[in-house]
Each structure stands twice: as C-alpha cells, then as structure tokens.
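To keep things clear, I will list the structure first and then write my remarks on it.
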Amino acid sequence: MYKINCLVNSNVVRLIVPKRWNTTHKKLHKVLGKMPLDPKHIAEAQKQRIKLKQKVSKVSPGIVNLQVLGCGALGTPASVYLFTDQTRYLFNCGEGTQRLAYEHKTKLSCLENIFMTRTNWERIGGLPGICLTMQDVGVPAVSLHGPPGLDELFKAMRRFVILKDMKVEASEYATGDVYEDHVMTLQYIVINRETSESKGVECDEELSQEEAPVDDTDYYAYERKKETPQQTQQESAKNVRSTDWTKREENSVMAYICKLKPRHGQLSLEKCVDHGVPPGPLLGQLKNGNDITLPDGRVVKSADVRAPDDPGPVFMFIDIPNREYLKDFVGKAELFAKYQQQATEEADQAIFVVHFTPLDVMHCEEYRWFMDQFSASTRHIALNEVNSFSGYIAAHRIQYHLNQLDEKIFPLLREENNEYNDPPASGCDLVRSSSLSYMHIRPPKGIDRAQEASLNPAEYLSELDLLPDFKEALGELKQRMVQHTERQTASVRAEQFPRMIFLGTGSSIPNKTRNVSAILILTSKQSSILLDCGEGTVGQIWRFFGKSHAEAVLRSIKAVYISHLHADHHLGLIGLLQARKKLFGDDCERLTLFAPEQISYWLRLYDCRFETINKDYRLVKNADLLENPFVDERLLEMGIKEIATCRVRHCPHSFGVALKVASVGTHPDTKIEGDVKITYSGDTMPCESLIALGRDSTVLIHEATMEDELAAEARLKMHSTLSQAIDQGRKMNARYTLLTHFSQRYAKIPRLRPEQQQSGLGTDLGIAFDNMEVTLDDLPTLCQFYPALKAMFISHFEEMEQKAIKRGNKRLRLESVKNGTGSKACSPAR
C-alpha cells in the first residue's frame, strides 16, 4: 500500500526507508558532515550523490512525506518539503527556510528540484542561502521551476552568492507542461494577472547607470589566496550595456498539480511458482514491474504475478497573491475539475491542497467557490497569516534556559496568537498548520491525525535540573546580581538609551540557536538603527518583540548600516524594506542605508527585474564617511550625533563603524553621562584602523569567529579569534567589549583557553547571544555570567574540549613525523 506521511512535528513520525538505501544514505552524510566542505570534499560528495541517484532512480517510492517547513506565520517562510526515500523536492523558499531545515534535520543533500509559485522576495528570499548550503553538502545541480525570472536572481547576486561547484538551472514553463520522474508527475498551471498594456518601461531615472555600477568584485578571493583582478573601464561599460534594466513586473504565478506514480502491487510468490519462475534475480524484475522471459522461452508478465497497483494520490499547491489573478484562476477551473468532486476515479480526487494564498484572497467568493468544489475528504492546508507559531523551537528552548540567568537581559520570546482566527467560510475543512509538521495522508498503523509543533516550557526547564553544577552556579550568579536586579526594573530599563538587542550572533550560515548577523540599537523610544541585516532579521524582530510591539519597532528603524557584502550580512535587507512597506504603505519613511556603494547594483537590478524598492531607501556610501563623519538633521532626531567609518581587513569594501549616541536616562551602575560611543567591527582580522576609529569607545562590539587555537584558519579567512577581539578592545581603550559573530561550531558558547576558563571573563567583557537585550548598566554584569553559562552548556563545552584535544593530538603527530621523532612525543591528552 502507498504510504504518504504529512509531517507536522518532527518528533511524531520516523521515516521508514529500505535498509539498503538507508545504509548508503548514512555513508553519504558521514562524508558530508555538518560544516561547509572544502572543494575537494564537495567533489567527493557530489560523486557519491550521483552514484546514489543512479542506484535508486528505478526504485518506486514506498513512503512519501510532506513536511511543512514554514507555516507562513509572521516572520516565518511558507515552504513545504516533499521527500521520499530517494528524492527531495522543495516548494517555495522564503527567508529562514534553511534555518528551519537545519533545526529539524531536513537533509538537503538529495534536494535537486525547487518549485516556486511566485518570484517575489516572500517566496524566493531564502534561495541564495539554501543554495550555498546545498553546494557545501555536495549537491551537483539544482533545477528551479516556476514563473519567469528565477534565473535572473542568481545573475544579480553572482558576486556575493558564489555557486561555482553547483549548477543552477531555471527554465520557463507554460500551462500544460509536465515534469516527470520516477516519483511523480507534476503539471504546471500558469495563472495570469489582469494587467494594463504599459510594458517595457525603463527603471526610475533617479537611479542612473553611473549611480549603480556593475559590481565585479570577487568577495572571496582572499580565501583562495588570489588577488582580485581589477576591472577595466571597458569591461565595466560592457557589463552595464549587457544588463537588462527594463522594468519587469510579476504578471503570472504558478500552481502545481502533483500525482505520485502508482505503487507496484505486492509480488505473489505462489503465482510465481505456478508460472514456473525460479528463485533468483528474475523475481526482483517482476517485483519492479518488468516482464521476463524464462529459459524455456515463455514470457511471464509482471501484472500476472502481482497484486493490482496502488494508484498514486493527487495533491496541489495554490498561490493566488491578490484579486487581480482571480479571473484567470476561475477561467482555468476545468484544469482542476478532474481532481475535485466530479473526478471519474476516486483515486483522482485530491487528498490535500496546500494554499500559499493570503487569507484576504481566500475570503473572496471566487476562491471559496473553488475550495467548495473539492471532495469532503480533501484536506486544505493554509500556509499564511492564519497560523501563529513559527516552528523555531530551539530558539525558544535556549531562551527559556537563558531566561533563568536574567529575565530582563534574556526575555522570553513573544510569539502570540494573532487575530487571523477566521478561516474562509466554505464547506471544506481548512487545516491550520505550524512549521515542522507532518500531515499523514495514508499513515502507517497507529498514526492518527497530524500533530502540530508546539512549545513545552516545563520540559525545557526540567532539562536544567539534570545538569550537575548548574543549580549551584545559578545561585551564585543570582546572589552577585541582587543589587543590579533590584535597580534594573522594567520601568527603569524602558527609559534607558541606547539599548542593544542582538538579533543574530552567528557567522556564515544560520543554525538553530544563532542566526546570522544583525544588531538593533535602540537610540530613543521612536528611533533605532540596525547594524547589519542578515537573512531572517525581520523574523527575529517579530519573535523578540511580539506582534503588538514589533510593528512599532519596525517603524522606529530609521537607518541600516551594512558592513560588507557577504551574504550573511545583508540578505535580510529586502525583507526589511518590504515588511515596512507592507505595514505602513505610503506613510513608510525612507530608510537611510549606510553601505558599500557596490550594493547599489544588486538593489537596483532587483528593483528593475523583481519588485520596486528604490523609493524605500536612500544610499549613503560607507566610503564617504572615512574622512568626515556623517551628520545630518535626521540622525540628530534619532539621537545619533555622528557616524564614522574605517576600512577593515576582510573582503574588499569591508568597513567598521563608530556611532556617537546621546545617552538617555540614568545609569547608576556605569555612571555614564553625555555621549556614548559604540564601535562595531563588522568582519575583520585585527586592524589598526579600527583601533584608531574606536579609540575610547564606551562599547566595542567585535567579531570573535574562531577560538584561539584556530588562529591560522582565522587569518586565512580574515577573521579574528577570541583573544584577538579582546586585545582589540584593550588597545583602543574601550570601556566594555561584547563578542559576537561566532563560528557555528560554537553554536551555544565560544571556547576559551584553559587559563581564561580558570580566571573567567574580564570585568569589561561579555558574550553575545541571539535575543539578548543589553543596557549600559548591564555591561558590568555580563562577565559574571560565564560560570553559569559553562554549567548550562556543559555537554557542548565538553564536546568542544574533546575536539580541541583531537586537533592537538593530530598536530603533534604531524610535527613528530616532520621532526622524525615518531611516537616518542607525549599526547596533549595525557
């Protein structure tokens, strides 16, 4: 029997796969590992992936699973992962998809087809990040399916999304076109928008080609020890001319009707004996649906010795953005009719329909009529604002843990039930969903209706009770913090500015506990500035503040600073611009964007070929602030007196920044009065120009990507180690230093040297975590958290120590071989 599971909670159902495939798959993932691979390992992983694909391509799937990765709640992508024991498919890929995939162990190594319903950022914003991750785990090629324009996304991003080890293909499809493989047959249905005849206009003249030069910088040349070639004026002019600056609007969306291939009926050994089939490989051929010829010349048909095939079920994906698409949608109703109530065969009736459609469109009469045409047995799954829980369970879990240390510095996340509790009034059953959930269509015995992912605070807190030294360390911390806690009431904190909220403290790629770079500086009750804006930043804001407060915070963001153009520092910018525009419309104040001028090419091309964004920001070039700090009336209204930059030692066009901010409120613990100087390093290795820029800073926020023993790797990647970051702060005479941008190998807590572990952090140091709010008066207390943090993350800490010992042993063996001392050297473990 065909088994299709629909995943609602990653803990509910375990995927059952053939033993042989499972063994091969485990070998593949042993090669792939968790961290990004170097090119040699990528090539090896690709070879194994191709070999595995050839091995299983003729095997019909047993169990097919549909996993809701993102439910479309505020700050959450709407995305669906369909997977069998051989193949994976992704439907839509908004910002945050790869983080949810990482958290819930959704393997990307077999993902080769991504189906998009639209070409707007809400649906495609996670594609760059997830493709970089897929390349790292050895996927040789990926095919993008959907409306026109998908191929242009990677052309526009080609300088900071480098996919040299993975081929990305995007083709255009028309209604009636079919994609088919050994798992399913998929039909494309194009839904067109009612549109005016004005086409082919040039993009806004306000953005001339001179203001948006083609960016041909190689931002990763330093990792390959290669000099960045300088582009000639002639080459630059040629690239400008070859770029299509014609304004393109989204005029069509794509719906998908999927039908799984029939499952072969069970082979009857009795019938095989009756037909004279000998034991051996011929039985396998009959089982796979192939007719055979016996040695005596007789032909045995597979259908004669197998039970009837189990027909493949039908399911759909629908995304109607607004009312302008309803006319064509209704006009193509006959394409869906054969899978609705009037289906000639019961097996052709759709078993579920996934609706990416916004709730206001689902309320339309035409859309309700469409839903009513389906059989009563069809399940309708809404992935839109009707849902409320994001599915980022790990972020909540670690926040419950950290909240035990200090409930104000680590407030609980505020995912609230929203007001969208009225599904469309139709005769069908609308199923709300949450991220990370299986929906069981033909579930194995003992599995009932799908269960949604949910929080379990009691479980998270009970985990702390099992830690041997945590309770004692927590008690000591609370005792030291008594006076500070009494002074720092909620009302006092609310009047203190600036406040620093860390929205992303990880490097390179997001993981389940640390998102990529973003720091929100609240400068007054009505104003704030964002330092870097990695993918998923808007989602972090929704979860930290909750819906009731997040809208005010998004309105308060008057400026955004981008330190450099690596993807993990700016891919959340378009999502931020669009979230503000969606909330505030024409009343949305234009952002001041401080960034390398090379970002203008990417933003302008996106504006021309995807969605209009150029009126939502004004660009101030970071390089213009090198000699003269930026001062203007808007900044003064924000409480920022000046912004200055310096060049730092990372990729080309990398900058550090210093902000002079007016201090508001009383700060009895730090006795700070007057101006506050906040310096942010961005990504850099130790840098004299940053020391000069940040001289006498109140707070230095410095990257500390690597542990000290990986200084050589840090130098190669032009990052800083923990001790180098601390040393930078002391050289510039910074009063306090906060460490951030940790490698994802330190997902929970960075590793200190043994002598640092003994002495603890200095009184001027603190470790940043996601969803951490720091006032000026909190700064002297942060150093006291380390013993409790170490006790809280003891298993992670011990794992890091074991890895350090293995590295030391390996290094010693290599030195012994090099020096000819053989095995006489003593192991560091001893």
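What translational diffusion coefficient, in µm²/s and rounded to a whole number, does the Stokes-Einstein relation yield for segment 65-115 at 20 °C and a viscosity of 1.002 mPa s, taking the hydrodynamic radius as the Kirkwood radius over Cα pairs? Walk me through the numbers on the way to the answer.
Working: Rh = 10.8 Å.
D, rounded to a whole number, is 198 µm²/s.
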Binned Cα-Cα distance frequencies in segment 686-732 - 10 Å width, integer % = 30, 52, 17, 0
For segment 682-810, what are the per-bin percents of Cα-Cα distances with bins 10 Å wide, up to the bin holding the maximum?
-> 12, 44, 35, 8, 0
Could you list which residues have their amide H under 5 Å from that of Leu503, counting only those 5 or more apart in sequence or on another chain, with H placed in the peptide plane?
-> Ala518, Ile519, Leu520, Asn771
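Calculate, in nm to one decimal, what Glu798 and Ile162 gain on full extension: separation in residues at 0.36 nm each, minus their alpha carbon distance.
Values: separation 636, 0.36 × 636 = 228.96 nm, distance 3.50 nm.
Separation in residues times 0.36 nm, less the Cα-Cα distance, equals 225.5 nm.
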Flagged links, alpha-carbon separation over 30 Å, of Lys107/Lys332; Lys107/Lys581; Lys107/Lys167; Lys167/Lys810; Lys525/Lys581 | Lys107/Lys332; Lys107/Lys581; Lys167/Lys810
Take the Cα atoms of segment 100-147, find their three principal axes, and give me the spread along each one in whole Å, biggest first.
-> 27, 23, 14
Segment 496-551 and segment 555-606 have their Cα centres apart by a whole-number Å value of 14 Å
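In segment 495-806, what percentage of the DSSP-assigned beta bridges are antiparallel, given to the nearest 5?
Looking only at bridges with both residues in segment 495-806, the antiparallel portion is about 55 percent.
Quick one: plug the Kirkwood hydrodynamic radius of segment 65-152 (C-alpha pairs) into Stokes-Einstein at 20 °C, 1.002 mPa s, and report D in µm²/s. List each step's numbers first, then the result.
Working: Rh = 12.8 Å.
D = 168 µm²/s.
Rounded, prolate or oblate: which fits segment 452-548, taking a ≥ b ≥ c as square roots of the Cα gyration tensor eigenvalues, rounded meaning a/c under 1.5, else prolate when a/b beats b/c? Before the final figure, lay out the partial values.
Values: a/c = 1.92, a/b = 1.18, b/c = 1.62.
Taking the square roots of the gyration eigenvalues as a ≥ b ≥ c, segment 452-548 is oblate.
First obtain the Kirkwood hydrodynamic radius of segment 479-627 from its Cα pairs, then insert it into the Stokes-Einstein equation at 37 °C and 0.692 mPa s, and state the resulting D in µm² per second as a whole number. Present the calculation step by step, with values, prior to reporting the outcome.
Numbers: Rh = 16.4 Å.
Translational diffusion coefficient: 200 µm²/s.
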For segment 247-372, build the convex hull from the C-alpha positions and give me its volume per residue in Å³.
-> 169 Å³
Could you please tell me the mean projected area of the C-alpha convex hull for segment 495-806, averaged over all directions and given in square nanometres to one decimal?
-> 15.7 nm²
Aspartates and glutamates near Lys641 by alpha-carbon distance under 13 Å, same-chain residues fewer than 8 away left out - which ones?
-> Asp632, Glu633, Asp675
proj_area_mean for segment 312-399 (convex hull on C-alpha atoms), units nm², value 7.3 nm²
Quick one: what are the phi-derived ³J(HN,Hα) couplings along segment 63-72, Karplus 6.51/-1.76/1.60 with θ = phi - 60°, whole Hz, x for glycine and proline?
-> 10, 10, 10, 10, 10, 7, 6, x, 8, x
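Using square roots of five times the C-alpha gyration tensor eigenvalues, list the equivalent-ellipsoid semi-axes of segment 253-304 in whole Å, biggest first. Don't jump to the answer; show the numbers that get you there.
Working: eigenvalues 206, 24, 14 Å².
Semi-axes (√(5λ), whole Å): 32, 11, 8.
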3J(HN,Hα) from dihedral phi, segment 500-505, Karplus parametrisation 6.51/-1.76/1.60, rounded to Hz, x for glycine, proline | 10, 10, 8, 9, x, 10
Which whole-Hz couplings ³J(HN,Hα) result when phi for each residue of segment 745-752 is put into the Karplus expression 6.51 cos²θ - 1.76 cosθ + 1.60, θ = phi - 60°, listed in order with x for Gly and Pro?
-> 6, 10, 5, 10, 8, x, 8, 8
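Computed from the coordinates by the stated procedures, all read-outs in this text should not be read as laboratory data. In this text the structure is predicted, and so the values were computed from the model without any measurement.
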